[in-house]
Amino acid sequence: MAIVSVSIPDHLLKKVDEAVSKLGFTGRSELVREAVRRMLEAYDVSMKAGRGIFIITVLSDHSIYKASDRKILEVIHENQQSIKAFYHQILRDTLCLNIVVVESFWEIIGAILRDLRSIRGVLYVNVSAYVL
C-alpha cells in the first residue's frame, strides 16, 4: 500500500480525530481511505451521468479573503448559460453559504468546481448529481 502525505489544517485534524474515535475507525488512515473511497464513488456516478442537474454547495469565509464572495459570483456569471439558480446566504459574520443549481455536462461542472476550489476563503465545495 502506498503512503501519501497530506497537509490538514489543525481545525480539520481535530474533527478527524473526533470522528475516528466516535465512528469506530482504527485510525486516521482508515477514515481518510473511506472518505476518498466515498468521494470517488460519487465522482464515478457523476461522470457516467453525462448531462444532469448538479447542485453545488460552497461555504466561504471572507475574513480569510475579502473578495471571496465576489470571486464566487464571477465564476457563476462566467457560467450563467448553465446556471438555473443561485442562492447566497450569510450564515454569521463572515461565513457565507452559496448554493448553485446547474444543468450541464460533467466536463463543465468539473471546470466550475476547479474554479470555485481555487478561490482563497472557500472552505468547502460539494456537488450532488441528478441524472437526466
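The values are calculated or read from the model by the stated rules, or taken from the named source; none is laboratory data. Computed from a prediction, not measured in an experiment: that's the story for all the values here. Neighbour counts run over all protein chains shown; Cβ positions are idealised from the backbone, glycine included.
So which of 74, 103 is farther than 26 Å from residue 12 by Cα and in a helix (DSSP H, G or I)? I'd like the intermediate steps shown before the answer.
Details: 103 fails: in a helix (DSSP H, G or I).
The unique qualifying residue is 74.
Please find, within segment 114-132, the residue that is surrounded by the most Cβ atoms within 10 Å (Cβ to Cβ) out of those that are assigned to a helix (DSSP H, G or I) and charged (D, E, K, R).
Kept after step one, since they are assigned to a helix (DSSP H, G or I), are these residues of segment 114-132: 114-117.
Checking which are charged (D, E, K, R) leaves us with 114-115, 117.
On the way: 114: 11, 115: 18, 117: 11.
The selected residue is 115.
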*Condition broken by residue 60, with the remaining ones in (1) part of a strand (DSSP E or B); (2) over 28 Å from residue 40 (Cβ atoms) satisfied*: (2)
*Go through (1) modelled with pLDDT under 90; (2) surrounded by 13 or more Cβ atoms within 10 Å (Cβ to Cβ); (3) among the aliphatic types (A, V, I, L, M) and name the single condition residue 75 misses.*
(1)
*Pick from 85, 67, 111: which is surrounded by fewer than 18 Cβ atoms within 10 Å (Cβ to Cβ) and within 17 Å of the chain's Cα centre (by Cα)?*
111
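Mind listing whichever residues of segment 18-30 are over 16 Å from residue 5 (Cβ atoms) and either touching a residue at least 12 places away in the same chain (Cβ under 8 Å) or polar (S, T, N, Q) (or both)?
Of segment 18-30, the ones over 16 Å from residue 5 (Cβ atoms) are 18-26, 30.
Selection gives 19, 21, 26.
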